[in-house]
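Participant: Please find one structure pasted underneath; my questions will follow.
Coordinate-derived values only; no laboratory data. Worth saying up front: this structure is predicted, and the values here are computed from it rather than measured. Using ideal geometry, Cβ is built from the backbone for each residue, glycine included, and neighbour counts are taken over all protein chains shown.
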Amino acid sequence: MPKILLIEDDFSFQFTLKKLLECFGYTVIIADNGEDGLTQYQKNLSIDIIICDVDVPLLDGFQFLRYLQETHKKFLPFAFISAYVDANIFQKINNLGADCIIKKPVDQEVLRIILLAIEKRHSLPQKVYPGLMG
């Protein structure tokens with residue numbers, strides 16, 4: 001099963017998104033803040049995709065991605081997630097080379113399509129998602 005590192009500090013949303021991703025067939029590793037995200041990443045180098053809230057404590061999503069880019073040669077598929085999205089956030093995401101930003105609240109079908117696009121873009125093994133024509 002592909003592994004997703006989910007870095008999210010809102011426990012209710014974290015729980016809901018984790019369950020949804022597991023229904024999609026992913027193994028989900030949870031981190032409550034950016035520093036815990038780095039620890040989880042270093043302990044689980046077989047992670048396939050990272051989904052990170054823009055505004056998590058201790059090390060925000062942008063700092064987290066910059067650190068990964070500076071310290072690891074392998075660039076993982078990376079999606080930001082946020083309740084608030086504006087032109088400044090889009091510019092930062094483009095500058096850092098992240099795949100996308102997912103707007104909260106997350107629509108299940110949109111999330112499936114985003115994950116499928118990320119898998120295709122990064123040549124990850126693709127899964128068949130129930131409810132999507134392939």
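Participant: Find me the longest stretch of the chain that has none of the exposed chymotrypsin sites (Phe, Trp or Tyr not before Pro), where exposed means in a DSSP loop (not H, G, I, E or B) with at most 13 other Cβ atoms within 10 Å.
Facilitator: Within the chain, the longest run free of exposed chymotrypsin sites (Phe, Trp or Tyr not before Pro) spans 1-74.
Participant: Which of the three applies to the stretch 85-124, rounded, prolate or oblate, going by the alpha-carbon gyration tensor with a ≥ b ≥ c and a/c under 1.5 meaning rounded?
Facilitator: Verdict is oblate for the stretch 85-124.
Participant: Just rank SER123, SER82, fewest to most, by other beta-carbon atoms within 10 angstrom. Intermediate values should be presented prior to the final figure.
Facilitator: Working: SER123 8, SER82 17.
By the 10 Å Cβ count, ascending, the order reads SER123, SER82.
Participant: From the phi of every residue in the stretch 40-55, what ³J(HN,Hα) in whole Hz does the Karplus formula 6.51 cos²θ - 1.76 cosθ + 1.60 yield, where θ is phi - 60° and glycine or proline is x?
Facilitator: Couplings: 5, 4, 5, 7, 10, 5, 8, 5, 9, 9, 10, 10, 9, 4, 4, 10 Hz.
Participant: Return the FRET efficiency for the residue pair ASN44, ARG66: r is the Cβ-Cβ distance, R0 is 22 Å, and the value is rounded to the nearest 0.05.
Facilitator: On the way: r = 20 Å, r/R0 = 0.91.
Calculated transfer efficiency: 0.65.
Participant: Helix 11-23 sits at what angle to the longest principal axis of the chain, using alpha carbons and giving 0 to 90 degrees rounded to 10?
Facilitator: 40 degrees
Participant: Can you tell me the relative contact order of the chain? Whole percent, Cα pairs under 8 Å, sequence separation 6 or more.
Facilitator: 20 percent
Participant: Between the helical axis of 108-121 and the dominant principal axis of the chain, each derived from Cα atoms, what acute angle in degrees is found, rounded to the nearest 10?
Facilitator: Helix 108-121 sits roughly 80 degrees off the main axis of the chain.
Participant: Further question on the same structure: With the Cα gyration tensor of the stretch 9-58 giving a ≥ b ≥ c as the square roots of its eigenvalues, does the rule (a/c under 1.5 for rounded; else a/b larger than b/c for prolate; else oblate) give rounded, prolate or oblate?
Facilitator: oblate
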